[in-house]
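Remarks on the structure that follows.
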Amino acid sequence: MTHVPSKNFINGAWRDSSTGESFPVTNPANDEVLAHVPSLSSDDVAHVITVADRALSSWRAVPARKRSDILLAISQALLTRIDDFAKLITAEQGKPLAESRGEVLYSANYFRWYSEEAVRVTGDIIPADSPNKRIFVLKEPIGVVGAITPWNFPIAMLARKLGAALAAGCTFIAKPAPETPLSALALAELCHNSGVPAGVFNVITGDAEMIGEHLMRSPVVRKVTFTGSTEVGKILIRQSAETVKKLTLELGGNAPFIVCDDADLEQAVEGAIYGKYRNAGQTCVCVNRFLVHQKIAPAFTARLIARSKELVVGDGSASNTQVGPLISDEAAAKVTRLINTAHNEGATVTLPPTSNPRGIRFISPTVITGVKPSMTIWKEEIFGPVSTITTFATDEEAITLANSTPHGLAAYVYSSNLSRAMKVSEHLEYGMIGINDTAISSVQAPFGGIKESGFGREGGRYGIDDFLVLKYLSVVMP
Ligand code: NAP
């Protein structure tokens, strides 16, 4: 495994908290303490904001081609160290090693993508109303950016934001989740060694509310980009009012997966396995609700159960593991409560979880049938390896069921009639829709949701816009 960081990365160097306080980071598979990382004081956080502010004027003046070269160097360095980073991600987050390698590759691809976008930030010249007047539109970096990220993709959620921000010419302060700060910290050092100047990318750890308040209150921090729960996203919206701060919010989902009666069942079930059980069900785009046409529901359910039973649950560092532990006892208790509540509310736990000698975090793939919109498990984001099945009779009913949530992140439609799937998808109130596909997250596409799943986009040519502001020059030539 790569060097395990135990300090914060601030102004191009490793730093402790001024108070000496720290907290432990543990492996969710076995409770091994991997490191202690600093718990910054309020003064420390204020200092980091000053550092990022000071670094801004020189970084935004670096020619776009040079910033592009640095981003490409980061991408290549990550690929060179793919196994080191994968081991670190699995150690702090729990996901199987193959998935961690995929996360590093995905992150490297974001840096490569934004190395390509960095040199294509172009403005406009707009015809004016008089012959001696010119109107120029420039795109400029928004300024200092604060980023708050969750634990489910320790470096990918950061890479998506950081690549675009550095390409735009912004400086950056990241606060990773306390469960998984190590790969973010290791990424900061890798970026520095790849040419990112001191102060441009800083990674800090400590009390979330205190750091969040600092970032939100500071007039210097012009943008906060957040990936996490809708609940915290709403707090940030309220806090942003004071400084009229620009936000990007990638929040929770409640993804429906519609299986039409003409779907290719094998393809649908394989899509379901990937879309449900990846990262033990702990992704924002994981399927939360299978909506299956009543004609094929028995066949789909039988096949899904058979495939779910085959998945190997265990420590993510073992080569045969397909479903790792949940991130914490609290997360596992929440999933278990949702299963029990679904049963008490009248659903059938058709494939119950099996107890695992390793502990309660190792929840085996579970299938619940007869789920209704009135049930708790329908309304909440499960964030665990639990499939819930509801049947429908018509496409209209499937659409109504799918849309009956305040969330609007990802949805999936399976049908061998592409025209039917397109028509259904046009009525789905979601930011991203996979048609016969659950692998929807890719660097060239704009990732993001609508409704209470947030606003702003990450990835693709749209992603950089969130880190740019327009400046318009009205010029009269004497
Ligand atoms: P979370 O509880 O919202 O935490 C996310 C981050 O916010 C953590 O770093 C957390 O730090 C911090 N935080 C908590 N309270 C805060 C506050 N008052 N001010 C500032 N920061 C605060 O979410 P989570 O449980 O870690 O992650 C799971 C959620 O993320 C799910 O809802 C999932 O759907 C969503 N997610 C969305 C996307 C997307 O792209 N749409 C991607 C991945 C995950 P502490 O832990 O220290 O409190």
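The values are calculated or read from the model by the stated rules, or taken from the named source; none is laboratory data. Just so you know, these numbers come straight off a predicted model, no measurement behind them. Positions of Cβ are generated from backbone atoms using ideal geometry, with glycine treated the same way; all protein chains shown enter the neighbour counts. The protein model used for the area step is the full one, side chains on, heavy atoms only, and it has no ligands, DNA or RNA in it. Shrake-Rupley method; radii C 1.70, N 1.55, O 1.52, S 1.80 Å.
Kirkwood Rh over Cα pairs of the stretch 319-478 into Stokes-Einstein at 4 °C, 1.567 mPa s: D in µm²/s? Working shown, then result.
Numbers: Rh = 18.7 Å.
Reported coefficient: 69 µm²/s.
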Inset, instruction - Please calculate the 1.4 Å probe accessible area of Cys191, with all protein chains present, and give it to the nearest 10 Å². - result: 0 Å²
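Write down the Kirkwood hydrodynamic radius of the stretch 151-204, to one decimal in angstroms, obtained as one divided by the mean of 1/r over all alpha carbon pairs.
Numbers: mean 1/r = 0.0899 Å⁻¹.
Taking the inverse mean of 1/r over all distinct Cα pairs, the stretch 151-204 comes out at 11.1 Å.
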Legend entry - Rg(Cα)/(2.2 N^0.38 Å) for the stretch 23-93, N = residue count: 1.57
Inset, instruction - Please report the Cα spread of the stretch 35-76 along all three principal axes, rounded to whole Å, starting with the longest. - result: 37, 29, 6
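Would the stretch 366-425 count as rounded, prolate or oblate if I go by the C-alpha gyration tensor, calling it rounded below 1.5 in a/c and otherwise prolate when a/b exceeds b/c, oblate otherwise? Please list the in-between numbers first.
Numbers: a/c = 1.74, a/b = 1.68, b/c = 1.04.
Prolate is the answer for the stretch 366-425, as a/c is 1.5 or above and a/b outweighs b/c.
Quote the Stokes-Einstein diffusion coefficient, in whole µm² s⁻¹, for the stretch 90-143, based on the Kirkwood radius over alpha carbon pairs, a temperature of 20 °C and a viscosity of 1.002 mPa s. Intermediate results must be reported in sequence, preceding the final value.
Values: Rh = 15.2 Å.
Rounded, D is 141 µm²/s.
Which value, in Å³ per residue, describes the convex hull spanned by the Cα atoms of the stretch 279-347?
Numbers: hull volume 8.0 nm³, N = 69.
Taking only Cα atoms, the stretch 279-347 has a hull volume of 117 Å³ per residue.
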Inset, instruction - With θ set to phi - 60°, apply the Karplus curve 6.51 cos²θ - 1.76 cosθ + 1.60 along the stretch 369-375 and write out the HN-Hα couplings as whole Hz, x wherever there is a Gly or Pro. - result: 10, x, 7, 10, x, 7, 7
Inset, instruction - Would you list, by chain and number, the lysines whose Cα falls below 23 Å from the Cα of Lys95, excluding same-chain residues fewer than 8 positions away? - result: Lys87, Lys161, Lys175, Lys276, Lys309, Lys334
Legend entry - Nonlocal amide H pairs with Ser22, under 5 Å, H built at 1.01 Å: Ser39
Inset, instruction - Net charge near Val469: determine it from the other residues with C-beta under 15 Å of the C-beta of Val469, scoring Lys and Arg +1 and Asp and Glu -1. - result: +3
Legend entry - Probe 1.4 Å, all protein chains present, accessible-area order of Lys423, Lys246, largest first: Lys423, Lys246
Legend entry - Computed helical MRE - 222 nm, the chain, DSSP H runs ≥ 4 contributing -39500 (n - 2.57), nearest 500: -12000 deg cm²/dmol
Legend entry - By average C-beta atoms within 10 angstrom, highest first, the peptides 156-166, 388-398, 170-180: 156-166, 170-180, 388-398
Legend entry - Cα point-scatterer Debye curve for the chain, base-10 log of I(q)/I(0) at q = 0.06, 0.08, 0.10, 0.14 Å⁻¹: -0.28, -0.49, -0.75, -1.33
Legend entry - Backbone HN-Hα couplings from phi across the stretch 107-120 [Karplus 6.51/-1.76/1.60, Hz, Gly and Pro as x]: 5, 4, 5, 5, 5, 5, 4, 6, 5, 6, 6, 3, 8, 10
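How would Ile450, Ile440 line up by accessible area, probe 1.4 Å, largest first? Before the final figure, lay out the partial values.
Values: Ile450 65, Ile440 30 Å².
Largest to smallest exposure gives the sequence Ile450, Ile440.
Given the peptides 253-259, 356-362, arrange them by the average over their residues of other C-beta atoms within 10 Å, most packed first. All intermediate terms of the calculation are to be shown ahead of the outcome.
Numbers: 253-259: 27.9, 356-362: 15.9.
Top to bottom by mean Cβ count within 10 Å: 253-259, 356-362.
Which net charge results when you count Lys and Arg as +1 and Asp and Glu as -1 among the other residues whose beta-carbon is under 15 Å from that of Pro478? Mind showing how you got there, number by number?
Working: positive: Lys133, Arg134; negative: none.
Surrounding charge for Pro478 is +2.
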Inset, instruction - Report, in degrees rounded to the nearest 10, the 0 to 90 angle that the Cα long axis of helix 42-61 makes with the longest principal axis of the chain. - result: 70 degrees
Inset, instruction - On the full set of protein chains, 1.4 Å probe, figure out the accessible area of Tyr277 and give it in Å² to the nearest 10. - result: 10 Å²
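May I ask for the Kirkwood hydrodynamic radius of the stretch 207-313, worked out over all distinct Cα pairs and given in angstroms to one decimal? Can you show the working numbers first?
Details: mean 1/r = 0.0601 Å⁻¹.
About 16.6 Å, per the Kirkwood formula over Cα pairs.
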Legend entry - Rounded to 10°, Cα long-axis angle of helix 156-168 versus longest principal axis of the chain: 30 degrees
Inset, instruction - Could you list which residues have their amide H under 5 Å from that of Phe172, counting only those 5 or more apart in sequence or on another chain, with H placed in the peptide plane? - result: Val145, Phe201, Asn202
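Note down the magnitude of the dipole of the chain about its Cα centre, charges +1 on Lys and Arg C-beta and -1 on Asp and Glu C-beta and zero elsewhere, to the nearest 20 debye. All intermediate terms of the calculation are to be shown ahead of the outcome.
On the way: 45 positive and 48 negative charges, 200 e Å.
Computed about the Cα centre, the dipole is about 960 debye.
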Inset, instruction - Measure nothing but the geometry: give the 0 to 90° angle between the long axis through the Cα atoms of 329-344 and the longest principal axis through the Cα atoms of the chain, rounded to 10°. - result: 40 degrees
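For the full complex of protein chains and a 1.4 angstrom probe, list Asp84, Asp44 by accessible area with the highest value first. Before the final figure, lay out the partial values.
Numbers: Asp84 50, Asp44 25 Å².
Final ranking, largest accessible area leading: Asp84, Asp44.
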Inset, instruction - Divide the volume of the convex hull of the Cα atoms of the stretch 176-244 by its number of residues and quote the answer in cubic angstrom per residue. - result: 96 Å³
